[in-house]
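Some notes on the structure that comes next.
The values are calculated or read from the model by the stated rules, or taken from the named source; none is laboratory data. It should be emphasised that the depicted structure is a prediction, and the values quoted were computed from it without experimental measurement. Cβ sites come from the backbone with ideal geometry, for glycine too, and all protein chains shown count toward neighbours. Side chains are part of the model used for accessible areas, which takes the heavy atoms of the whole protein and leaves out ligands, DNA and RNA. Shrake-Rupley method; radii C 1.70, N 1.55, O 1.52, S 1.80 Å.
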Amino acid sequence: MEGRVPDGAPVSLRIEGSVGAIAKADWDACAGHANPFVSHDFLAILEESDSVGPGTGWTPTPIIVEGADGRPAAIAPAYAKGHSQGEYVFDHAWADAWQRAGGDYYPKLQIAVPFSPVPGPRLLLRDADAAPALIVGIEAIVDGNGLSSAHATFVESAQLDAFRAAGWLIRQDSQFHWTNDGYGDFEDFLAALSSRHRKDIRKERARAQQGLEIVWLSGGDLTEAHWDAFWTFYQDTGSRKWGQPYLTRAFFSLLGERMGDKVLLMLALRDGRPIAGALNLVGADTLYGRYWGCSEEVPFLHFELCYYQAIDAAIARGLARVEAGAQGSHKLTRGYRPAPTWSAHYIADAGFRRAVADFLARETAEVEHDRDWLAARAPFRHSD
């Protein structure tokens, strides 16, 4: 794939074949340290563990705008995609429509963190003024290589204006996030809910924890035995949700080795033996819930490990939010409020772009209506 831009465009652009080909210090100078998913470590681990790369449909193609000092001023964590799996922003209908019209939707360019529906920066900027140049470069790569489109998924709200200014189409969806309103502990949080929901949550927690010990593991406390147990849980969940797991076993070992201080692994033990687990990553102000699985079905244990323990951890660590992943309206009654998520889309063909824009106008109205409807039914006392 070539990375030339049109003559006269003030962009010094290059494409690498891997995140690992870029110096960690240069990458992280652009990515910052608030969101662990866009760090050099996390994305390089995906490559080194063979979770992305040959045979996966995710070909790393990070796009770099060079600064005047010869170092990256801006980077897009980009992938050439041969399918639409593992993205959590669904464009299968777009692909079908374009291919029925005689076009090739794949490969496309995805600016994203693979397998991670986690909002964050998609334009990694050491120099904020380089954002327009990076977007110009992405468009030039699409146009110059005959690709159908580029998609920046789970874009943080602060970067939407840059994509809008470039004429990209903006798509909305919703997730459920928990917000820390200065709670001192879990009981303090429960006091903000209606009495019925307080009672229901206390009952769920009691049933889930009965006969079990729940431990939190991070940093040097993580061992290969813990990852072996969690790999079993992850495989079971992955095979049921996606047909086969996206991540390899090596991913988890490398994650613990290089990012253990950002990991919070919660395990439920019965007589000292792990029967369920939830994997979280810790950002500057957010706890990100990612994967869950179990080897023994226990009522409400999923809610306990993924939602209630996450709230406990966020309060204990003074974090502002818990983002517990995609979808799941069942989170609403457990204190997680609906929150908007966004993606930005560059469609090369003008006619196809108009059709997608029309679809998005109608979809956005429905998404906003549904989010308002859900927000009005949140379990907090002021909504009674």
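Taking region 137-155 as the range and being open to solvent by 60 Å² or more (accessible area, probe 1.4 Å) and of a type outside the set (Gly, Ala, Ser) as the test, only ASP143 passes. Regarding ASP143, is this residue outside any loop (DSSP other than H, G, I, E, B) and either at pLDDT 95 or above or of a type in the set (Gly, Ala, Ser) (or both)? So ASP143 fits the description; yes. The conditions of being crowded, with 16+ Cβ neighbours inside 10 Å, in contact with a Phe, Trp or Tyr (Cβ under 8 Å, 6 or more places away or on another chain) and closer than 22 Å to LEU160 by Cα are not met by VAL367. Within region 156-171, the set of residues being open to solvent by 10 Å² or more (accessible area, probe 1.4 Å) and aliphatic (A, V, I, L, M) comprises ALA158, ALA162, ALA165, ALA166, LEU169, ILE170. Does region 103-124 contain at least one residue that is farther than 19 Å from SER39 by Cβ and without any contact (Cβ under 8 Å) to a residue 12 or more places away in the chain? So far as region 103-124 goes, no, none of its residues is farther than 19 Å from SER39 by Cβ and without any contact (Cβ under 8 Å) to a residue 12 or more places away in the chain. Whenever a residue of region 11-32 is modelled with pLDDT under 95, its partners that are in a helix (DSSP H, G or I) and among the β-branched types (Val, Ile, Thr), lying with C-beta atoms within less than 7 angstrom and at least six residues away or across chains, give the pairs VAL11/VAL136. When region 281-302 is filtered for residues that are open to solvent by 40 Å² or more (accessible area, probe 1.4 Å), aromatic (Phe, Trp, Tyr) and at negative phi, only TRP292 remains.
Take the conditions (1) closer than 20 Å to PHE154 by Cα; (2) in contact (Cβ under 8 Å) with a residue 40 or more places away in the chain; (3) open to solvent by 60 Å² or more (accessible area, probe 1.4 Å); (4) not aliphatic (A, V, I, L, M); ASP349 misses just one of them, which is (1). Only residues that are out of contact with any strand residue (DSSP E or B) (no Cβ under 6 Å at 6 or more places or on another chain) and in contact (Cβ under 8 Å) with a residue 60 or more places away in the chain: list them for region 197-228, please. Scanning region 197-228 gives HIS197, ASP200, ILE201, GLU204, ARG205, ARG207, ALA208, GLN209. Scanning region 219-269 for residues that are modelled with pLDDT under 95, of a type in the set (Lys, Arg) and either surrounded by 13 or more Cβ atoms within 10 Å (Cβ to Cβ) or part of a loop (DSSP other than H, G, I, E, B) (or both) gives no hits.
For region 57-70, the tally of residues that are touching an Asp or Glu at 6+ places or on another chain (Cβ under 8 Å) and either modelled with pLDDT under 95 or not hydroxyl-bearing (Ser, Thr, Tyr) (or both) stands at 4.
For region 60-89, residues that are free of Cβ contacts under 8 Å to residues at least 40 places away in the same chain and in a strand (DSSP E or B) total 2.
Would you check if ARG122 is assigned to a strand (DSSP E or B), closer than 22 Å to ALA348 by Cβ, in contact with a strand residue (DSSP E or B) (Cβ under 7 Å, 6 or more places away or on another chain) and among the basic types (Lys, Arg)? No; evaluated as a whole, the condition is false for this residue. Screening ALA378, ALA320, ALA326, ALA355 for residues that are more than 22 Å from the chain's Cα centre (by Cα) and open to solvent by 20 Å² or more (accessible area, probe 1.4 Å) leaves exactly one candidate, ALA355.
The set of residues in region 306-331 that are at pLDDT below 95 and either assigned to a strand (DSSP E or B) or in contact with a Pro (Cβ under 7 Å, 6 or more places away or on another chain) (or both) comprises ALA324, GLY325, ALA326.
So that you can scan it fast, the table gives a plain yes or no per residue for (1) outside any helix (DSSP H, G or I); (2) in contact with a strand residue (DSSP E or B) (Cβ under 8 Å, 6 or more places away or on another chain); (3) closer than 27 Å to ILE135 by Cα:
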position	(1), (2), (3)
GLU304	no, yes, no
THR341	yes, yes, yes
ALA344	yes, yes, yes
ALA361	no, no, yes
